[in-house]
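So the structure is just underneath, and the comments pick up after that.
The values are calculated or read from the model by the stated rules, or taken from the named source; none is laboratory data. These figures come from a predicted structure and were not determined experimentally. All Cβ positions, even for glycine, are placed from backbone atoms using ideal geometry, and neighbour counts span all protein chains on display.
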Amino acid sequence: MQLVSTKMFEKCLMLLLCSLTTFITTSTSDGIKIESGILILDKDNFERAITGNEYIFVMFYAPWCKDSQELEPEFTKAAKETSNLKIPVKLAKINASDEIELRAKYHILGFPVLQLFRRGTPLKYHGNRNSKKIASWLKDQVRPSARELRTIQEATKTVIGEDMVIIGFFEGPSEQLKKFLKIADSFERPPFTFSFDRESRSKFGNASHPIVLFKNFDYNKAVFDEELTLENVQTFVKIESSLLITELNEKNADTIFQGQVQTFVLLFASKKAPTTDSVVELLKPFAREYRKSMTFLLINTDDKSNMDTLEFFKLRLQDTPTVVIASHKNNAEKYKMDAPLTGDNLQRFFQDFNSKRLPRFLLSEELKDDWNKSDVYTLVGSNFARVAHDPSVDVLVLFYGDECEKCGVWTDVFYRLGEYYRDQPGIIVGKINVDLNEFDKKPFRKEPEVLLYKKGDNRVVPYKGKPNFDKIIQFVNSSREESKAVKEEL
């Protein structure tokens, strides 16, 4: 019985000692505290830790942040797992809630943020916040800036075997190579490699530019021809890692439309149609030529969810395949290609767009036969200018929208105004839905807005009051009397 008690005591003692080691705080040789295998950083020792370790993985956190609190135990586990896997990386954390300058320097916009500093260059972690995933990612990223390809065989194997890879062809060690390697540390992927081998450079390189990206899709090879800066290489990789023509769907729509490039070339086509592949190939050279300024998208007309897009551009299935340019950066301007899809016609279409010779495509509701049969005329994009700028009549117009909460009250008032002016000569009351109709030059500031287009000189007078029936009548009559008085004086 005494023996059992002794063993129980020893077991409890060992468990106690093991649990206590979790809370033991030590320090590095340069005085940085270590808790549970994690370096504890502050603004005074942060830069020293970054420059003093080839690989250091940092958690920027805030104590009050719930997500930071949830990440804490996983980060501690990740420290143990990287240690067990003998990954040569230090894990560290810093309370950055009050470190404004530090957050600005490393683009910390929220908490928590995980960044690997590889030879001092930050690389943000976007993966799953799970200890095993973190450790696995670190294992992949703890590597040289770029791998050297010493022979033509190594270069050939790399070009053929990688989905995407960047190769820098240099004659030997140089400042350009140093800059290339520094930039490579900022990339999670694709892998960066370099070669001094002349045979490899002759077969795969470019005579004028040393850096080439190889990929297993589209044109397979892209030459970097800009100044060697991190920003330029990031843009180059982002562009070249995308398909020349991407099929738009619900999953990628937000990413595409929130991107830097805000001019979109839309190919409306059925993926089932036998001619679509040839049309895509016809469009690819233009997608390559203009890919820095335009994003090329395939809108699959077989997908019922795309019917609204077809309707928005006033396209019918029998109109496809066809191409439309939509430029969000220029007030959502749209340009439709009316000619047959041939190489020459596409070239002319893009040239005319770039030289601003293309006529804009303006949305317009269908003009119904009874548009002017009621007290309030229903104006649309195609007849607005003709009616509003008719010099023989005064035209009172309400600009409204479907999603405008205030517009309902104005619409009710306008029906009363139409009835009031119905039998009075020389005046028209009309309304136009600005969500469904567009103008060459936007005539209003925001909906709802009321404008009076005066006959004769066609001067536009805005009504600035509230949706009050009597006040609007007073405004209209006063403006009309003013015009009459001026005319009599002349």
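Quick one: in region 196-251, which of the residues that are surrounded by 13 or more Cβ atoms within 10 Å (Cβ to Cβ), among the aliphatic types (A, V, I, L, M) and over 25 Å from the mean Cα position of the chain (by Cα) is farthest from Asp303 (Cα to Cα)? Ranking the qualifying residues of region 196-251, first place goes to Ile211.
Can you say whether Gly172 is in contact (Cβ under 8 Å) with a residue 24 or more places away in the chain, assigned to a strand (DSSP E or B) and of a type in the set (Gly, Ala, Ser), as far as the supplied structure shows? Against the criterion (in contact (Cβ under 8 Å) with a residue 24 or more places away in the chain, assigned to a strand (DSSP E or B) and of a type in the set (Gly, Ala, Ser)), Gly172 does not qualify. In the set (1) on the phi > 0 side of the Ramachandran plot; (2) of a type in the set (S, T, N, Q); (3) touching a helix residue (DSSP H, G or I) at 6+ places or on another chain (Cβ under 6 Å), Ser200 fails one condition alone, (1). Filtered by the rule that a residue be buried (at least 21 other Cβ atoms within 10 Å of the Cβ) and either in contact with a Leu (Cβ under 8 Å, 6 or more places away or on another chain) or not hydrophobic (A, V, I, L, M, F, W, C) (or both), region 389-399 gives Asp394, Val395, Leu396, Val397, Phe399.
Every condition in (1) small (Gly, Ala, Ser); (2) in a helix (DSSP H, G or I); (3) over 36 Å from the mean Cα position of the chain (by Cα) is met by Gly408 except one, and the failing one is (3).
Matching residues to (1) buried (at least 16 other Cβ atoms within 10 Å of the Cβ); (2) without any contact (Cβ under 8 Å) to a residue 12 or more places away in the chain; (3) more than 23 Å from the chain's Cα centre (by Cα):
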site: Asp254; (1), (2), (3): no, yes, no
site: Phe257; (1), (2), (3): no, no, no
site: Val261; (1), (2), (3): yes, no, no
site: Pro274; (1), (2), (3): no, yes, yes
site: Glu281; (1), (2), (3): no, yes, yes
site: Phe286; (1), (2), (3): yes, no, no
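Exactly one residue out of Val387, Val409 is in the same structural domain as Leu436 (by the TED database), more than 23 Å from Gly465 (Cβ to Cβ) and at pLDDT 90 or above, and it is Val387.
So that you can scan it fast, the table gives a plain yes or no per residue for (1) free of Cβ contacts under 8 Å to residues at least 40 places away in the same chain; (2) under 26 Å from Glu481 (Cβ atoms); (3) part of a helix (DSSP H, G or I):
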| position | (1), (2), (3) |
| --- | --- |
| Arg386 | yes, no, yes |
| Pro391 | no, yes, no |
| Val397 | no, yes, no |
| Cys404 | no, no, no |
| Val413 | no, yes, yes |
| Pro425 | yes, yes, no |
| Asp435 | yes, no, no |
| Glu438 | no, no, no |
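Just the residues that are touching a strand residue (DSSP E or B) at 6+ places or on another chain (Cβ under 6 Å), assigned to a helix (DSSP H, G or I) and over 24 Å from Ser327 (Cβ atoms), please, taken from region 222-278. Thr276 - this is the single residue of region 222-278 that is touching a strand residue (DSSP E or B) at 6+ places or on another chain (Cβ under 6 Å), assigned to a helix (DSSP H, G or I) and over 24 Å from Ser327 (Cβ atoms). Checking the structure you have, find out if any residue of region 95-104 is part of a strand (DSSP E or B), crowded, with 18+ Cβ neighbours inside 10 Å, among the aliphatic types (A, V, I, L, M) and not assigned by the TED database to the domain that holds Glu188. Taking every residue of region 95-104 in turn, none turns out to be part of a strand (DSSP E or B), crowded, with 18+ Cβ neighbours inside 10 Å, among the aliphatic types (A, V, I, L, M) and not assigned by the TED database to the domain that holds Glu188. All told, Ile134 falls short of being within 27 Å of the chain's Cα centre (by Cα), in the same structural domain as Pro190 (by the TED database), surrounded by 12 or more Cβ atoms within 10 Å (Cβ to Cβ) and not in a loop (DSSP other than H, G, I, E, B).
Considering region 184-200 alone, what residues qualify as being within 15 Å of Val165 (Cβ to Cβ), part of a helix (DSSP H, G or I) and not polar (S, T, N, Q)? The one that is within 15 Å of Val165 (Cβ to Cβ), part of a helix (DSSP H, G or I) and not polar (S, T, N, Q): Ala184.
Somewhere in region 118-131, is a residue more than 24 Å from Asn232 (Cα to Cα) and assigned to a helix (DSSP H, G or I)? Yes, region 118-131 has at least one match.
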